[in-house]
Amino acid sequence: MALTAQVHFLDGTLSLIHIPLSLYPTLLQPILRLLLPQSRGSPPDLNLDSLTLDSSQHGFLNISVTPLECSIVCHSSWAKTIFEPAIKQLPHDAAKTVIISKDDYVVFSVISVGMDAGSRVADLTSPLALANIPLFFITTYYSDFILVPVKDRQAVEKTLLSRGFVFSEDNDDNFPFTSPYSTNHGRGASQGSSLNELPTTARQQPPPPSAIPELQERTFDNLKKRNVVPYVEQGLLLVQCSGRQENNMIGGYSERPSTFQTNGHGSRNRHSAHKPCWADTVDTKLYTGLVSALVSQPRFFSITLAQDDPPSLLLDRELVGIFGDSLVGATTEGGVSLVPIFLDLSSLPIEATGIVSGVAGTLVKELKEQYGVVAEEEDGGGGRRGRGSAQEEELELSFLSTVRAGAVILGEEVSIRAMEALRRVLVREGK
């Protein structure tokens, strides 16, 4: 039975920025500048017309502060005009530790409908993994985002078409498509590092893996060679939520712009006639909370601003209180608590592929076997029915790629078994 995913490329080219936590306070001013309304926060020489479809709105922005790094994905113009001058003011040795990617990236959003909550991450990225295409994967409250190098965009489109994806170009240069999926479909790809003032060289990689098992084996062999060890931060629990938006039609707030699935991934109207600045459509308490959270140098905080989406947050549960009632989602006591399992990927090159795919695919397989979750079956009416659906919901897996690391996001109980499974394949005896 074919499942579908709505996909389109967002506008603009993006840069990836790695900031060591030791320099986070020093570079906080340019970080906060990204959140200013762009008509007021933009440097005079920034070409706003090239920034997004609408000059008052980020096409895509992610700011993530984790126990490993501060990671930023922003328009290339912002990296050049805001961050590069700030980095040049640093002492030489310190400046060398801040990384801005030499390659530019493009991002496309994936809004999945009816996909298995556990294997969604692996299934969505499988075609690119098997083609040796590196990517970053960012799960938000509304959709999933995949970043790929600009130079690989044609290869991405060709790969997806060859795997059954159907593209239809519209007037806004978006590329929605529908794709067939199955529970034994491939797994995805990602990488966890960036380049620091190094020349871009042609990739020299082994031939693409022929099948998913080979891909997963290669991934874990690579991680073990680099001594990548999974770990969790003691007492760190996360919530995933969204900022409230003002609803100008009724003078109140709109919790969500459209209908959502139970896993929090829904569809959006990509062709709204008016695209106001995101700061004009959210509760002022949310804006104040964002600044307060970033100023505090949080243990974990990730915000994503995307074209046509309300702000999406993944944050330390301890930070929820500073936002008042400006958040929508599992933010109250008794809500869903998530645990991030961190992978320090700083020793891997940017060309590394299969990180998300190998980790997510292996974890899903292991966890489903442990919980006794079986594959869905087609029902007589052309729909799908699944046995153990409540358990499948518990097994929902998300992923946050940052510039030099990755985090698998799982429910609190499931994360314990996931950690055990990862340690079995990654940690050598005696460690």
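Laboratory data are not the source of any read-out in this text; all were calculated from the coordinates shown. Being a predicted model, the structure only gives us computed values, none of them experimental. Backbone-built Cβ (ideal geometry, glycine too); neighbour counts: all protein chains shown.
Observations on the model:
- Projected area averaged over orientations for the stretch 75-165, convex hull of C-alpha atoms, nm²: 7.8 nm²
- Binned Cα-Cα distance frequencies in the stretch 289-352 - 5 Å width, integer %: 3, 13, 23, 20, 17, 12, 7, 4, 1
- With a simple spin-label model that places each label point 7 Å from the Cα along the Cα-to-Cβ direction, the separation between residue 371 and residue 226 comes to 2.8 nm.
- Charge tally in the Cβ shell below 14 Å around residue 66, where Lys, Arg are +1 and Asp, Glu are -1, residue 66 excluded: -2
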